[in-house]
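Take a look at the structure below.
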Amino acid sequence: MLIEFDQAVVSAAQAQVLRGVNLRLTERRIGVVGPNGAGKSTLARLVNGLVLPTAGAVRVDGLDTRADLKAVRQRVGFVFQNPENQIVFPIVREDMAFGLKRLEPDRARREARIQAGLDALGVAHLADRASHSLSGGERQLVALAAVLVMEPALVVFDEPTTQLDLRNRNRVRDAIAGLPHDALVVSHDLELLEDFDRVVVVRDGLVAADDRPGAALRWYREHCS
Ligand SMILES: Nc1ncnc2c1ncn2[C@@H]1O[C@H](COP(=O)(O)OP(=O)(O)OP(=O)(O)O)[C@@H](O)[C@H]1O
Ligand SMILES: [Mg+2]
């Protein structure tokens, strides 16, 4: 999948959050790192059109996020930094079923996919739980399962491991590694990105470094700590 940022600018009330990002990403595993407030989440949100560029353009497989938002959303799944925003239905299973309804109209097959999706992340036992009763880490895993079950061609992750204990963090790492499709992962968990294909360092609203993980993470450690 090709992700293109073409002089993409995002302006907020007072300042520019992103100040002209140019990127052409084709790798299967792309990491994004940078200091707090650098613009990483904003950059991630541009990819599926949750945020639209104030100037410039963002394209996914040639589809402009502004002109072809619906088509972009079908291709790009997004796992939020704060999964509270993501789980809307009272019961986990219902929440996952809602997204999947159009894609899998057959009820039995839909249920099987949901079960398999939860199972893959080790949280099948949560299927009938009240969404609000989940712990932070459980919610993060369920939100991830809900996105993966839709089988998007590209999955964007914003801090997928922040609330997870070591075991669940490794589950998410393995889930990302095993994804059949592409992934763009924003993370402060630098180890998670070490075997990725490419890492982009965002600093102060710009791409400050862009390289193989070894070199990019070294640059980040040297310049941003
Ligand atoms: N809609 C908005 N209005 C005003 N300011 C915004 C808006 N969106 C983002 N910002 C600001 O832009 C900056 C970048 O935000 P962003 O969430 O992209 O950072 P980040 O790199 O993901 O940081 P973190 O590592 O803390 O998650 C922050 O200073 C944030 O407050
Ligand atoms: Mg962020």
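None of the figures in this text is laboratory data; all of them are computed from the coordinates on show. Since we're looking at a predicted model, the values are computed, not measured. FYI the Cβ positions are ideal-geometry reconstructions off the backbone, even for glycines, and counts take in every protein chain you see.
Observations, loosely collected:
- Relative contact order [Cα under 8 Å, 6+ residues apart], the chain, whole percent: 27 percent
- Counting only Cβ charges, +1 for Lys and Arg and -1 for Asp and Glu, the dipole size of the range 46-174 around its Cα centre is about 180 debye.
- For the range 1-71, the Cβ-based charge dipole about the Cα centre amounts to some 200 debye (Lys, Arg positive; Asp, Glu negative; other atoms uncharged).
- For the chain, calculated [θ]222 nm from helices alone, where every DSSP H run of n ≥ 4 adds -39500 (n - 2.57): -10000 deg cm²/dmol
- Placing a pseudo-label 7 Å from each Cα along the Cα-to-Cβ vector at residue 71 and residue 188 gives an inter-label distance of 3.8 nm.
- Inter-label distance, nm, simple model (7 Å from Cα along the C-beta direction), residue 27/residue 82: 3.0 nm
- Percent breakdown of C-alpha pair distances by 10 Å bin, ordered from the shortest bin, for the chain: 8, 33, 35, 19, 4, 0
- Between residue 153 and residue 15, the FRET efficiency estimated from the beta carbon spacing at R0 = 35 angstrom works out to 0.55.
- Magnitude of the charge dipole for the chain, about its Cα centre and with charges confined to Cβ atoms of Lys, Arg (+1) and Asp, Glu (-1), is about 300 debye.
- Spatially, the range 135-207 and the range 92-110 are offset by 23 Å when compared through their Cα centroids.
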